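Inspection log for the structure reproduced underneath, given as structure tokens.
The values are calculated or read from the model by the stated rules, or taken from the named source; none is laboratory data. It should be emphasised that the depicted structure is a prediction, and the values quoted were computed from it without experimental measurement. A quick note on method: Cβ atoms are made from the backbone with ideal geometry, for glycine too, and the neighbour counts reach across all protein chains shown. For the accessible areas, the whole protein counts, side chains as well, though only heavy atoms, and no ligand, DNA or RNA atoms are used. Shrake-Rupley method; radii C 1.70, N 1.55, O 1.52, S 1.80 Å.
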Amino acid sequence: MSGTDGVRFMLMRGGTSKGAYFLAEDLPSEGRDELLLRLFGSPDERQVDGLGGGHPLTSKAAVVSRTDDGVDYLFLQIRPDSTIVAAGQPCGNILAGIAPFAVERGLVEAGPETTTVRIRMVNTGGLAVVTIRTPGGRPCYDGDTVIAGVPFPAAPVEIRFADTAGAVCGALLPTGHPRDDLDGTPATLVDDGMPVVVLDAADLGLNGDEAPADLEADEPLRERIEALRKLAGERMGLGDVTAATVPKMTLVSPPRHGGTLTTRTFIPHRVHPAIGVLAAVTVARAATLEGSVAADVRAGAGERIRIEHPTGFFDVHNGAVISTARKIADGVAWPREA
Ligand code: NQM
């Protein structure tokens, strides 16, 4: 593929993220990552010359193909500020757009009212069973469902995860303990679909309800969190995570608004304006584990965990979540010349 050939793509919001969705057959097998960097405008913090939105949450790609019983979904994080295209984590937000994309591209036949799609998350091998509205056999994006972090209502996307425990690290508790000591800081190292290090905000001298911008502006805090992340990455069997997007670092504290607990999540360098879907599933699971740092601050009992985050809350019920998605654009994108 030459630099002047266009590439078919669909731009979609999936949950609180936005990304370019591609059919696997529309991307080259060789030079794919380099092509994506040129399409997205990376490396450049603003990604002014490409599709990327200048933030990790709006610089994402999905590569989708048909399987015998559904579709395969590979998630790729295109870093705005570097030449790294990372496949080391799944993304539950971009996942929300996969079923409508699969119907739009004819990979899956739609039902008359709803359509359920089995989606294999190639990054981890995990399975998600996703149901969307398809009245008249077409994906419907309009609806009344509001998720925190997205200002506009849309049609619900129901996501049920299976096989998420240890998806990336091999075990729900990769160190075998619900609580570890990271250089004197108690931490829960956990993976229920996303590798996450749960820390008590109070142990870092924080209240836990600080604004993301204030946390990002606190250079000594960021350095400490990055040091803990590297240590945790080794202990979780992820090796040197300097260039990796995992583990995510979630600071927890008691709930403020009637939920189960408050979170602030470094993903891993920027602070999420909400929380990632699989990160939320993982933190919710941690809150149910006796002896974990999340259980210490948890309020209430029961199966529904309401995770408070900077822009609202996110409910997790036995590994099932509700999200929304929307088709924004469908067309051809041109990469800059190599
Ligand atoms: O945890 C951002 C997002 C994510 C990941 C990140 C996600 C998830 O909000 O499933 O969705 O943690 O890098 O899109």
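Residue-wise HN-Hα couplings along segment 171-187, as the Karplus relation 6.51 cos²θ - 1.76 cosθ + 1.60 with θ = phi - 60° gives them from phi, are 8, 4, 10, x, 8, x, 10, x, 8, 10, 10, 9, 6, x, 9, x, 8 Hz; Gly and Pro carry x.
Put simply, the amide H of Tyr21, placed in the peptide plane, has neighbours under 5 Å in Met10, Leu11, Met12, Ala62, leaving out anything fewer than 5 places away on its chain.
Protein heavy-atom accessible surface, 1.4 Å probe, per residue over segment 119-194: 43 Å². Highest average first, the peptides 15-22, 73-80 ordered by how many other beta carbon atoms sit within 10 Å of their residues are 15-22, 73-80. How far, in degrees from 0 to 90, does helix 277-287 lean away from the longest principal axis of the Cα atoms of the chain, to the nearest 10? Result, in degrees: 20. Our estimate of slack between Asp203 and Asp33, defined as 0.36 nm per intervening residue step minus the Cα-Cα distance, is 57.3 nm.
Karplus-derived 3J(HN,Hα) values for segment 207-222, using 6.51 cos²θ - 1.76 cosθ + 1.60 with θ = phi - 60°, are 6, x, 10, 5, 6, x, 5, 5, 5, 5, 7, 8, 4, x, 5, 4 Hz; glycine and proline are entered as x.
Local charge for Asp72 was computed over the other residues whose Cβ lies under 14 Å away, with Lys and Arg +1 and Asp and Glu -1, and equals +1. Across segment 204-227, the residues whose backbone nitrogen lies under 17 Å from the label position 7 Å along the beta-carbon direction of Asp183 are 204-206, 218-227. Remark: the Arg336-His257 segment gains 23.7 nm on full extension, using 0.36 nm per residue and subtracting the alpha carbon distance. Using a probe radius of 1.4 Å on heavy atoms only, what accessible surface per residue do you get for segment 50-110? Whole Å² is fine. Computed with neighbouring chains in place, this is 29 Å² per residue.
Apolar share of the accessible surface for segment 76-177: 48 percent from carbon plus sulfur atoms, 1.4 Å probe. Each of the peptides 151-158, 35-42, 314-321 was scored by the mean count of other Cβ atoms within 10 Å over its residues; in descending order, highest first, they stand as 35-42, 314-321, 151-158.
Here the Karplus curve 6.51 cos²θ - 1.76 cosθ + 1.60, taken at θ = phi - 60°, turns the phi angles of segment 254-259 into couplings of x, x, 10, 10, x, x Hz, with x standing for Gly and Pro. With protein chains left intact and a 1.4 Å probe, residues in segment 198-338 average 42 Å² of accessible area per residue. Return the carbon/sulfur percentage of the accessible area of segment 185-338, one whole number, probe 1.4 Å, all protein chains in place. Ligands and nucleic acids excluded, carbon and sulfur reach 51 percent. Near Phe313, the amide H atoms lying under 5 Å from its own belong to Ala148; only residues 5 or more places off or on other chains count, and H is placed 1.01 Å from N. Within the listed set Ala202, Ala86, Ala171, the residue fluctuating most in the Gaussian network model of the chain (springs between alpha-carbon atoms under 10 angstrom) is Ala202.
Peptide packing: for 192-200, 102-110, the average count of neighbouring Cβ atoms within 10 Å per residue gives the ranking 192-200, 102-110, highest mean first.
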